[in-house]
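Step one of this worksheet: look at the structure below.
What follows is calculated from the coordinates using simple rules that are stated; it is not laboratory data. Because the structure is a prediction, the values reported are computed rather than measured. Glycine gets a Cβ as well: all are built from the backbone with ideal geometry, and neighbour counts include every protein chain shown.
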Amino acid sequence: MKILVLNSGSSSVKFQIIETDLKRMKAHQDTMLATGLVEKIGLSDSRLVLKIPGKSTYQDYHEILEHRAAIEWVLRTLVDPEHGLLKNVEEIEAVGHRVVHGGEEFASSVLMTPDVVEMIESCSVLAPLHNPANLRGYHAAHAILPDVPHVAVFDTAYHQTMPAHAYLYGIPFQFYKKHHLRRYGFHGTSHRFVSFRACQILGWKRPEKKLITCHLGNGCSLAAIDHGKSIDTSMGFTPLEGLLMGTRSGDLDPAIIPWLMAMEEMTLHQINTMLNKHSGLYGVSGVSSDMREVLKARAKGNQRADVAFRMFCYRLKKYIGAYAAALGGPDAVIFTGGIGENSPEVREWTLEGMEYMGIELDHEKNAAMVGDEGEITTPDSKVKVLVVPTNEEKVIARDVVRVLNGLMPTFDPPETFD
Ligand code: ADP
């Protein structure tokens, strides 16, 4: 079936058309038929980009003021005889929506009924920048395609299996009760997909294995996966916690915040912007948030780029060690995301000296593994290390198929308190 996958932000809508079904999923043969986006929604020069494999990229400009007009434009272009690929919009049999926050309500992907939509709205307080934009995309798509099923796939859902000792913060318990202030974690679709795919490659049954998945893109997070379930993850209440990222600081002493507010007379808004947009690889290196640029500058002898790179790998190493302890020793470590898939240097530096825990990197295989999938450890390595390209849109399309076939895995209800 052809599925429209939508990732709606406040001023953009990214989309893909993916052909998949249960048979294709099993054979790992889902096909991406088209991908693209509308950006600068709300401005006079909104841009549409459509890429169809085997065709040259199509671009167009219009004034697009809201999401409904953006999605109508996408569909018009997709059925355009010259630039598109569909005969008519009826070929789209379902729509999958990326939703950032599912709070404690959603532990798996769901059909978007009116009740579900209301519950997603109630989660907006936890993700005020993201959920309202995701819902704007849903309302627009639902108005245009009211007769096909719409499915919500949450970034947080997969981590809902974390036990309370992993998700609670060491602050007064009343804040958890009153505001649901706890670790949620993100990138759940990616952690779930690459852990599944790694086991498929190795011929393992995922419910029998312990895995550490490292999603390293512009945002970065790890997950500790025990017998198919996420038991811990490095992003927290927001995506700011954990690893050093492109522009986000990751972990830091929280006392730095009031100290800086006093010493630099910074406002909360300025602190928030500094931690989310001006920190990480960018803030430390002063070069770029893009790992490729940091690597280039490092190769030319730039010392701040070098320390930013080493901080990135060192933090990752520490988290792998922490999750190895949490799991009682992993069976495999998996790298994904733009950096995880494409940077042998990051993998090499991170895993150096981890033979004590059973990781024996095959340096040649690691150096050659760029943008491909497979093992990068020696045949004798007790812990396997794999690179698995992620594809969050594909996971969303697959979840649509699972939900429509009643196959979405159900999890034990998370541990909660009164
Ligand atoms: P997003 O989180 O936005 O989806 P990606 O998963 O595409 O991002 O990852 C973007 C990151 O991947 C950037 O830091 C980019 O520099 C890095 N990256 C992409 N290709 C390479 C490469 N060949 N070597 C090192 N880093 C790379």
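Annotations for the structure displayed:
- 3J(HN,Hα) couplings calculated from phi for the stretch 169-176 with the Karplus curve 6.51 cos²θ - 1.76 cosθ + 1.60 (θ = phi - 60°) are, in sequence order, 9, x, 10, x, 4, 4, 6, 5 Hz; Gly and Pro show x.
- Per-residue packing, averaged as other Cβ atoms within 10 Å, sorts the ranges 242-254, 95-107, 50-62 into the order 95-107, 242-254, 50-62, beginning with the highest.
- Highest GNM mean-square fluctuation among LEU43, LEU216, LEU268, for the chain modelled with Cα contacts below 10 Å: LEU268.
- Kirkwood hydrodynamic radius (C-alpha pairs) into Stokes-Einstein, the chain, 10 °C and 1.306 mPa s, D in µm²/s: 71
- Mean separation of Cα contacts under 8 Å, 6 or more apart, over the residue count of the stretch 287-351: relative contact order %: 28
- Ranked list, fewest to most other Cβ atoms within 10 Å of each Cβ, for TRP349, TRP259: TRP259, TRP349
- For the chain, calculated [θ]222 nm from helices alone, where every DSSP H run of n ≥ 4 adds -39500 (n - 2.57): -11000 deg cm²/dmol
- Using every pair of distinct Cα positions in the stretch 211-299, the Kirkwood expression returns a hydrodynamic radius of 14.2 angstrom.
- With semi-axes defined as the square roots of five times the eigenvalues of the C-alpha gyration tensor, the equivalent ellipsoid of the stretch 301-370 measures 21, 15, 11 Å, largest first.
- Here the translational diffusion coefficient of the stretch 1-88 follows from Stokes-Einstein with Rh set to the Kirkwood radius across Cα pairs; for 25 °C and 0.890 mPa s it amounts to 182 µm²/s.
- Pairs from the table (LYS23/LYS55; LYS55/LYS87; LYS205/LYS317) lying more than 20 angstrom apart at Cα are LYS23/LYS55; LYS205/LYS317.
- Seen against the Cα atoms of the chain and their longest principal axis, helix 131-144 is set at about 20 degrees.
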